[in-house]
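To keep things clear, I will list the structure first and then write my remarks on it.
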Amino acid sequence: MSLSHEADYVMSLLDKAGAEGDLLIDQQSSLALSVKDATLEEHKVSSSQVFGLRVIKDNKAGIAYSEASDDAALKSMVEQALVNATYSETEARERIPASSDETSTDDSLLCPVQETGIEEKIELALQLETGLTEKAWVKNVPYNGLEEVQRESYLYNSAGRTTHSKSRINVAYTYALLEKGEHNVMSGSGQAERLFSNLLPQDLINHVYDSSLALLEGKPVATGHYDVIFDEECQAQVFGAFSTLFSGKAAKDGINPMRDKVGEIITDPRLTISDQPLLTEGLSYHLFDSEGSLTRSVPLITEGRLDSFVHNTVTAAHFNLDTTGNASRGPKSALDVAVHQLNVAAGTDGSNSLLAGEYLELTDLTGTHSGANAVSGDFSFGASGFLCRDGKRVQPVRGVTVAGNFYQMLAKINAVGDKQRWNWERSALMPAIRFADVAISGD
């Protein structure tokens with residue numbers, strides 16, 4: 001059967017059972033190449049197809065999935081989802097959106113065609129290793145390679161709504177271990193592009209080597225309070241660790257600490273934050289969410305005031321609002337919410353004010369999830385970076401801990417840069433933010 005016929009079959013079973021529901025079909029194919037000692041260590045090609053069903057009956061929702069597409073497997077999936085629903089809590093607001101539209105993303109945008117031979121891809125993976133091993137002080141290149149992932153997703157629901165999206169991402173990554181006397185350090189990074197031809201391996205090699213070499217002889221700074229600027233990767237990690245701040249589901253469930261503060265000033269007034277799912281240069285672009293609802297720009301914080309949380313249809317109905325198009329669900333998971341592409345608006349501070357005086361530039365964090373309490377806002381992360389003065393690095397820093405409270409930190413800002421920057425995964429677009437009076441534990 002074709003996918004539409006399989007979906008029709010599932011919907012007919014739901015109709016007979018007096019239930020409604022939606023079916024996600026996720027197809028994924030991937031290529032993974034890794035290199036070790038100038039030899040291709042891994043060449044793995046894989047593919048998968050998963051059917052994920054959410055059913056709603058008697059104000060209760062249940063999920064089930066199948067990796068097989070024959071009638072018996074799909075029928076078993078429906079039956080299991082219906083059984084699972086009987087054990088769930090009653091949720092009168094969970095309904096399938098009453099829309100019969102058909103929507104598809106632009107393949108030329110998200111999945112551009114480019115014929116690239118496997119030899120060229122292997123050559124890039126080899127180049128990442130050889131390019132680093134030729135450099136001084138490089139002891140080993142333990143991880144490096146290339147991944148290409150193509151994903152195709154379909155949504156069919158009992159109201160007649162259908163969506164389709166197809167995307168491709170190429171990722172190059174490499175890590176270098178440097179040793180010089182008693183000093184050693186390992187760090188790495190990556191590049192992500194929709195087109196293989198847009199990957200720049202030499203830029204990645206230089207970035208990883210230069211970053212590692214600069215940190216090689218790092219040491220702790222004195223324990224104290226410092227102004228801190230996170231680089232684009234670390235800043236995205238920190239905001240990601242506290243994404244509960246923007247979650248309508250967490251607010252509905254009573255675990256979002258800002259759940260009663262919509263309309264109030266909660267951060268420095270220089271901060272304006274939004275979800276921008278339709279920024280095409282981002283790699284987390286979404287035209288619609290996991291319920292099939294169209295996405296849009298969602299203002300989250302405007303000049304320090306909490307404007308909104310991100311919502312699916314259930315959380316929005318709980319607050320008597322419309323969905324923001326932020327439903328999130330995989331074939332094997334229940335309905336949730338998620339920010340698509342976090343955007344912090346550029347501020348007004350140029351480099352002269354942003355980088356004035358002494359501050360710490362943090363370029364590596366460890367434990368950003370295990371060391372963060374999203375409810376209280378407290379955090380404690382291992383950190384590396386540089387002690388800087390007037391925009392110049394004066395000492396590499398390693399072996400320190402940065403700690404504090406994220407929600408309080410958002411209210412203690414000295415500067416917001418006037419230029420935005422993507423993290424390398426291109427999921428968050430933010431300017432540099434200079435946080436004041438951050439606790440650092442070192443010597």
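None of the figures in this text is laboratory data; all of them are computed from the coordinates on show. All of these numbers come straight from a predicted model, not from anything done at the bench. FYI the Cβ positions are ideal-geometry reconstructions off the backbone, even for glycines, and counts take in every protein chain you see.
Values as computed for the structure displayed
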| quantity | calculated |
| --- | --- |
| Cα-based helix-to-principal-axis angle, 201-215 vs the chain, degrees rounded to 10 | 50 degrees |
| Helix-derived mean residue ellipticity, 222 nm - over the chain, DSSP H n ≥ 4, -39500 (n - 2.57), to 500 | -6000 deg cm²/dmol |
| Alpha carbon convex hull of region 218-443, volume per residue in cubic angstrom | 116 Å³ |
| Rounded tilt (10° steps) of 3-16 against the dominant C-alpha axis of the chain | 60 degrees |
| Where the Cα pairs of region 176-332 fall when distances are cut into 10 Å bins, in % | 9, 26, 28, 21, 14, 2, 0 |
| For region 1-151, average projected area of the Cα convex hull in nm² | 13.8 nm² |
| Qualifying GluC sites (Glu not before Pro) for region 210-290 [loop in DSSP, other Cβ within 10 Å: at most 12] | 264, 281 |
| Options 409, 424, 331, ranked by Cα towards positive dipole end of region 218-443, top entry (Cβ charges) | 331 |
| Degrees separating the helix 118-133 axis from the principal Cα axis of the chain, which is the longest one | 30 degrees |
| Distant alpha-carbon pairs in region 353-443 (separation over 20 angstrom), percent | 41 percent |
| Unsatisfied cross-links (Cα-Cα over 29 Å) in the set 36/180; 139/166; 57/252 | 139/166 |
| Cut-off 16 Å (backbone N to label point 7 Å along Cα→Cβ of residue 280), residues of region 92-135 | 104-113 |
| The chain: radius of gyration and largest Cα-Cα distance (Dmax), Å | 24.0, 73 |
